[in-house]
Amino acid sequence: MPVENRVWGLDRRSLPWALPVLGLIIVMAWVLPAIARAIPWDDPVEPGDVLFISQPADAFRIVFTPAVGWNIEQGVVVGEEPPTAARGIDPRVVDEGVAFSALTKPFVTAAGDKGLLVRYVSPTNDGVLAALVLDGNGVQVTVTGPAEQVDVEHAEDVAAMLVSIREEEVGS
Amino acid sequence: MTDTTVAKAPTARFRPVQPRNAAFWVLWVPVLIGVYIAIGRVSTDARYYGTVLIVTTVYFAFYAALLWWFTQRIDRYSQLPWRMVVTAFLWGGFAATFTMAIHANDALLEIWTKTMGQPWAMQWSAALTAPITEELAKGAGLLLLIALAGRYVRTAFDGFVLGAFLGLGFQIIEDVVYISGAFGANFGAEPLSAALTTLALRSVTGVTGHILYSAVFCAGLVYLLGRSKEPRRVGRGITLMLLGMLLHSLWDSGNAAIFWALGAGLTGVALGPLIGMIEAAIVVWIVFKMTVANERRVTREELEPEVASGVMSAELADAVTGTRRDRRRYRKDGKGVAHHRARKNQLEAAFDVAAERDRGDGQATDRLVFARAELERVTQRVASTAKD
């Protein structure tokens with residue numbers, strides 16, 4: 001490397017290529033996230049708003065009525081749905097640090113029965129609520145515990161128990 | 001070495017370690033950060049979904065190898081050094097994804113939602129987020145590769161091929177992340193089937209995904225910059241870069257803009273992916289044809305001294321730098337299986353001479369001398385098997 005091209009031990013000629021990329025990395029990894037954080041949420045629930053939880057079929061939808069004044073951080077108000085995007089977005093409304101969110105995920109047991117499963121997260125506990133109907137009988141499952149235990153260490157056991165729920169003939 | 005052995009073209013050298021080059025640091029530090037983030041994500045899953053993760057890893061290794069082979073076949077005229085190609089893959093897979101795009105995507109989605117409202121964001125944010133951030137992040141890798149070894153990036157076609165590898169890395173690593181997401185989606189209930197569904201879906205669409213968008217984008221970037229064998233064409237460059245983003249955007253939004261314009265609503269959305277694949281295939285074919293013509297012309301010019309000194313005939317040089325059909329015509333000229341095979345070997349040997357010229361910058365290196373001797377030997381075989 002010729003002496004006249006040295007800048008801090010680097011080749012000056014490489015800077016016009018490297019610096020724009022460095023700038024792009026900084027913008028993507030730090031500047032954009034900082035801008036996103038700086039903009040406040042401003043989408044308060046108006047009286048009469050109803051939020052989608054999901055729309056499993058054309059004919060019906062699952063909804064709830066959020067409390068007036070809470071901020072909609074995620075979710076679609078019935079009547080304001082985008083023309084071509086899916087409505088199955090998990091809604092989340094927040095007020096003074098209290099978050100209310102709902103989401104549905106279908107699951108299928110080892111025996112082939114379908115149910116709905118909801119995860120929830122709180123500052124101290126994580127959990128799973130699941131519900132399914134077996135031959136007309138509703139089954140409700142509640143899993144709750146410290147986040148680390150539920151999410152990581154016991155996940156496999158929880159999953160195995162969930163999918164093992166089934167109807168059996170007595171004596172089989 | 002027996003006289004039946006044909007010398008295989010050793011590819012040119014590319015030095016990934018250049019501490020005096022600022023691009024070296026700006027390339028490898030983000031790659032290492034990306035690897036660190038990626039390992040953190042994968043190992044969390046490995047603790048309870050180990051088996052599934054191994055299955056998918058094996059699957060993707062196979063998938064990567066397949067695409068690798070395919071992309072290598074395209075780069076026929078003057079092969080890029082393999083170290084450079086691997087570097088492109090690593091930038092695309094780790095730096096562009098984990099160090100850059102994921103942060104920017106989350107942030108931009110949040111910005112769209114906060115400023116434009118939820119319904120607007122749901123409809124348009126997919127089209128206006130990843131296509132911009134991800135194409136820029138992958139394209140940045142090309143700038144660094146040019147700074148590290150600019151002499152190998154001479155034409156828009158070189159940009160096209162490197163772009164494909166930048167995209168290949170991105171595609172494969174992104175797929176692994178999507179699948180980790182699929183494991184978690186059902187909280188472990190039936191992780192295998194959930195993962196396999198995602199896997200099947202993404203392997204079908206992957207071919208027309210990141211690989212093609214960034215091939216188009218990076219070809220455009222080379223036109224915009226101008227290189228030693230590719231005069232600067234700003235308009236064409238910017239058009240191709242925007243086209244790469246647009247293809248990506250149409251794909252991510254399921255061609256929502258088109259259906260919205262047509263008033264087709266939800267019913268049309270199901271057709272989105274199919275249309276996206278067709279659009280991408282058409283555009284890439286056109287850009288490939290556009291860039292490869294100059295690449296062939298440049299390679300043919302570089303072979304002129306070999307033709308002048310009688311190492312190869314003009315006819316052979318034309319075939320080597322011609323289309324697949326030209327090479328086929330050359331191979332099938334004359335009669336007899338032995339003759340056709342000799343002509344096939346002659347083409348390979350001529351490719352080796354072209355590669356060695358490229359590698360040694362036209363200097364009479366030992367390897368070039370050897371490649372010429374091999375070509376001469378095979379050419380004699382062509383003459384001796386000819387029957388009229």
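The values are calculated or read from the model by the stated rules, or taken from the named source; none is laboratory data. Since this is a predicted model, take the numbers as computed values, not measurements. Because the Cβ atoms are built from the backbone with ideal geometry, glycine has one as well, and the counts that use them run over all protein chains shown.
Would a scan of segment B:311-326 turn up a residue that is of a type in the set (Lys, Arg) and in contact (Cβ under 8 Å) with a residue 12 or more places away in the chain? Looking through segment B:311-326, none of the residues is of a type in the set (Lys, Arg) and in contact (Cβ under 8 Å) with a residue 12 or more places away in the chain. With respect to the stated conditions, residue B:343 fails to be of a type outside the set (Ser, Thr, Tyr) and under 26 Å from residue B:152 (Cα atoms).
Which of (1) hydroxyl-bearing (Ser, Thr, Tyr); (2) in contact (Cβ under 8 Å) with a residue 60 or more places away in the chain; (3) closer than 25 Å to residue B:228 by Cα does residue B:365 not meet, given it meets every other one? All conditions are met except number (2). When each of B:164, B:121, B:127, B:137 is tested for being closer than 24 Å to residue B:98 by Cα, touching a helix residue (DSSP H, G or I) at 6+ places or on another chain (Cβ under 6 Å), at pLDDT 80 or above and not in a helix (DSSP H, G or I), the lone residue that passes is B:127.
Residues checked against (1) more than 17 Å from residue B:216 (Cβ to Cβ); (2) more than 8 Å from every other protein chain (Cβ to nearest Cβ):
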{"site": "B:93", "(1), (2)": "yes, yes"}
{"site": "B:97", "(1), (2)": "yes, yes"}
{"site": "B:111", "(1), (2)": "yes, no"}
{"site": "B:119", "(1), (2)": "yes, no"}
{"site": "B:131", "(1), (2)": "no, yes"}
{"site": "B:138", "(1), (2)": "no, yes"}
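All of (1) in a helix (DSSP H, G or I); (2) modelled with pLDDT of 65 or more; (3) of a type outside the set (D, E, K, R) hold for residue B:182 with one exception: (2). Can you find even one residue in segment B:249-268 that is over 27 Å from residue B:121 (Cβ atoms), assigned to a helix (DSSP H, G or I) and at pLDDT 65 or above? No, there is no match, as no residue in segment B:249-268 is over 27 Å from residue B:121 (Cβ atoms), assigned to a helix (DSSP H, G or I) and at pLDDT 65 or above.
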